[in-house]
Amino acid sequence: MASQVTFIGAGNMAGAIIGGMIDSGYLRDAITATSPSDEMLAPMREKYGIHTATDNAAAVAEADVVVLAVKPQIMQDVCAGMRDAIQARKPLIVSVAAGLPAETLEAWLGGELAVVRCMPNTPSLVGAGAAGLYANAKVSDTQRDLATELLEAAGLVEWVDDEGLLEAVTAVSGSAPAYFFLMFEAMEEAGVSLGLPADTARRLAMQTAFGAARMAMDSDKTPGELKRNVMSPGGTTERAISHLEDAGMRRIVAEAMDACAARAREMADELGKH
Ligand SMILES: NC(=O)C1=CN([C@@H]2O[C@H](COP(=O)(O)OP(=O)(O)OC[C@H]3O[C@@H](n4cnc5c(N)ncnc54)[C@H](OP(=O)(O)O)[C@@H]3O)[C@@H](O)[C@H]2O)C=CC1
Ligand SMILES: O=C(O)[C@@H]1CCC=N1
């Protein structure tokens with residue numbers, strides 16, 4: 001029998017994971033999503049055929065897994081509202097909220113709970129997400145497998161054994177779709193400066209990124225080898241890559257990712273007080 005999964009929050013992240021679960025054949029009847037108003041829930045019912053509810057406490061009463069998918073800033077209040085129901089049932093808690101430590105969530109929900117913390121990213125919406133997961137000591141092997149199954153429905157899953165590493169995951173994948181979107185913007189602008197129509201430059205840049213990612217994922221070669229294969233000696237790519245290296249591209253990327261991880265640590269300090 002499928003585990004009963006209740007999503008608290010029915011926004012982008014919940015929708016992405018639910019969509020992936022349905023596509024991979026998860027029993028619709030075993031999925032419930034909640035939101036304060038029916039406005040968000042009606043499309044969920046129509047699109048996915050799942051159960052919906054506006055009462056969080058009632059919706060977790062029979063859940064085996066509760067996925068916390070509301071904004072971090074309102075999480076404490078949301079947890080307080082379903083604390084008794086959670087303690088009566090003790091389901092696996094899976095949180096996708098940025099910055100909130102597992103220990104804090106466990107305390108807000110009354111303590112002694114198995115908690116999986118997840119840092120997903122927005123490509124989950126198209127089934128191409130990349131998520132880092134961390135389990136506290138109370139999570140059983142079966143619960144770990146279940147969390148993997150739920151999150152793999154939206155893309156790649158990588159477990160980390162130290163919660164602090166989720167800050168590095170945030171820098172490498174959680175926030176990283178935005179780095180690539182910035183690159184697309186820059187390449188489109190440069191393509192336009194070189195005379196291409198904007199939509200042509202945009203399509204070429206995006207297809208090239210897609211092709212490069214797919215090629216790197218399918219290949220036995222390292223990204224460095226694949227890069228060198230494009231660089232004919234004395235050719236155009238060598239000139240472009242030299243320029244990027246000389247301008248400090250690697251240093252800029254490292255500094256941006258350090259800043260990202262530092263902000264994730266700050267958010268954990270700000271939000272995680274309990
Ligand atoms: N977006 C991203 O790139 C990433 C997001 N995350 C995390 O995912 C979580 C969700 O983000 P996202 O899906 O983007 O946010 P959304 O705003 O799309 O979704 C949040 C949902 O929670 C609902 N909600 C508000 N109050 C309650 C309540 N009391 N009970 C139940 N549901 C409620 C909201 O409803 P309403 O709109 O009616 O208020 C909304 O549907 C966040 O914690 C975020 O940190 C993590 C990694 C990446
Ligand atoms: O920017 C943020 O804070 C969130 C967390 C990771 C992606 N978006």
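Quick note: the coordinates plus some simple rules give every number you see, no bench work behind them. A quick note: this is a predicted structure, and the numbers were derived from the prediction, not measured. Glycine gets a Cβ as well: all are built from the backbone with ideal geometry, and neighbour counts include every protein chain shown.
The lysines within cross-link reach of K90, meaning a Cα-to-Cα straight distance under 19 Å and a gap of 8 or more places when in the same chain, are K138. For the pair segment 175-234 / segment 19-55, the C-alpha centres are spaced 37 Å from each other. The GNM of the chain, with springs linking C-alpha atoms under 10 angstrom apart, assigns the highest mean-square fluctuation among R250, R83, R214 to R214.
Both the radius of gyration and Dmax for segment 90-140 are 11.9, 35 Å, in that order, over alpha-carbon atoms.
Assuming a viscosity of 1.306 mPa s and a temperature of 10 °C, what translational diffusion coefficient in µm² per second does Stokes-Einstein assign to the chain, Rh being the Kirkwood radius over Cα pairs? If you can, show how the numbers build up before the last one.
Values: Rh = 20.6 Å.
Using the Kirkwood radius from Cα pairs, D works out to 77 µm²/s.
Within straight-line reach of K71, meaning a Cα separation under 17 Å, sit the following aspartates and glutamates at least 8 residues removed in sequence or on another chain: E106, E266, D269, E270. Remark: the L194-E112 segment gains 23.5 nm on full extension, using 0.36 nm per residue and subtracting the alpha carbon distance. Take the Cα of A213, step 7 Å toward its Cβ, do the same at E46, and the gap between the two points is 3.0 nm.
To the nearest ten degrees, helix 12-23 and the longest principal axis of the Cα atoms of the chain are 90 degrees apart.
Amide hydrogen proximity for V157: with H placed 1.01 Å from N in the peptide plane, the residues at 5 or more positions away or on another chain lying under 5 Å are A131. Remark on segment 174-243: Rg and Dmax equal 13.5, 37 Å (Cα only). If one puts a single equal scatterer on every Cα of segment 139-274 and applies the Debye formula without solvent, what log₁₀ I(q)/I(0) results at q = 0.09, 0.14, 0.20 Å⁻¹? Normalising to I(0) and taking log10 leaves -0.42, -0.93, -1.41.
Packing, taken as the mean count of other beta carbons within 10 Å per residue, orders the peptides 138-151, 192-205 from highest to lowest as 138-151, 192-205. Across segment 185-200, rounded Karplus estimates of 3J(HN,Hα) from the backbone phi angles (6.51 cos²θ - 1.76 cosθ + 1.60, θ = phi - 60°) give 4, 5, 5, 5, 4, 5, x, 5, 4, 8, x, 7, x, 4, 5, 5 Hz, Gly and Pro being marked x.
Relative to the dominant Cα principal axis of the chain, helix 141-152 is inclined by about 50°.
Give me L105, L156, L41 ranked fewest to most by other Cβ atoms within 10 Å of their Cβ, as a rough exposure proxy. Could you put the intermediate results ahead of the total?
Values: L105 23, L156 16, L41 20.
In increasing order of surrounding Cβ atoms, one gets L156, L41, L105.
If you run the Gaussian network model on the chain, springs between alpha carbon atoms under 10 Å, then out of E39, E112, E158 the most flexible one is E39. What fraction of the DSSP beta bridges in the chain is antiparallel, stated in percent and rounded to the nearest 5? Of all bridge pairs located within the chain, approximately 15 percent are antiparallel. When the chain is treated as a Gaussian network with alpha carbon springs shorter than 10 Å, the biggest mean-square fluctuation among Q73, Q87, Q207 belongs to Q207.
Rounded to the nearest 10 degrees, the angle from helix 38-48 to the longest Cα principal axis of the chain is 70 degrees.
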